[in-house]
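Have a look at the structure below before the remarks.
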Amino acid sequence: MYQLDPSRIDLAEEFRHNPYGRHSGELQRLINMFRSGPFAGKYVLIRETRQWPARWKLGRFGETPQAPITLIGLEFDNFEAAEWAVFKLRWKGHTGQDLPWE
């Protein structure tokens, strides 16, 4: 299983500058680790509007698939900003450390 080295903030920087598309092997392993694991408590982006410009809200899945999603209170007009916020939360969840960028 992939082990995240908290000093590898270069991987976070790579994601911040290129959240979509082709990633380095190390970053792809990190993303796969972030997206796997238990269902309960996973972060989820909820598209609030069908029309453009779209808005997204950040939430967390409940303990079971039937449990309601808990909204966290963060809203985004930009999907890249929303993805970056989730990445930072997952990073902190796995390392216990905040990333040095906003």
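Any read-out appearing in this document is the output of simple, stated calculations on the displayed coordinates, not a laboratory observation. Just so you know, these numbers come straight off a predicted model, no measurement behind them. Every residue, glycine among them, receives a Cβ derived from its backbone with ideal geometry; neighbour counts consider all protein chains shown.
Considering (1) farther than 20 Å from PHE79 by Cα; (2) under 12 Å from the mean Cα position of the chain (by Cα); (3) surrounded by 16 or more Cβ atoms within 10 Å (Cβ to Cβ), the lone condition that ILE9 does not fulfil carries the number (2). For the range 63-83, check the following and say yes or no: at least one residue is of a type in the set (A, V, I, L, M, F, W, C), touching a helix residue (DSSP H, G or I) at 6+ places or on another chain (Cβ under 8 Å), in contact (Cβ under 8 Å) with a residue 12 or more places away in the chain and more than 27 Å from LEU11 (Cβ to Cβ). No, the range 63-83 contains no residue that is of a type in the set (A, V, I, L, M, F, W, C), touching a helix residue (DSSP H, G or I) at 6+ places or on another chain (Cβ under 8 Å), in contact (Cβ under 8 Å) with a residue 12 or more places away in the chain and more than 27 Å from LEU11 (Cβ to Cβ). Do we find that GLU80 is of a type in the set (D, E, K, R) and either in a strand (DSSP E or B) or within 15 Å of the chain's Cα centre (by Cα) (or both) in this structure? The answer is yes for GLU80. Remark: pairs (first residue in the range 5-25, touching a residue at least 12 places away in the same chain (Cβ under 8 Å) and part of a loop (DSSP other than H, G, I, E, B); second residue small (Gly, Ala, Ser) and loosely packed, with under 11 Cβ neighbours inside 10 Å; Cβ separation under 9 Å; 6+ apart in sequence or on different chains) = PRO6/GLY96.
When the residues of the range 12-37 are filtered to those that are of a type in the set (Gly, Ala, Ser) and under 13 Å from the mean Cα position of the chain (by Cα), the one that is farthest from THR64 (Cα to Cα) is ALA12.
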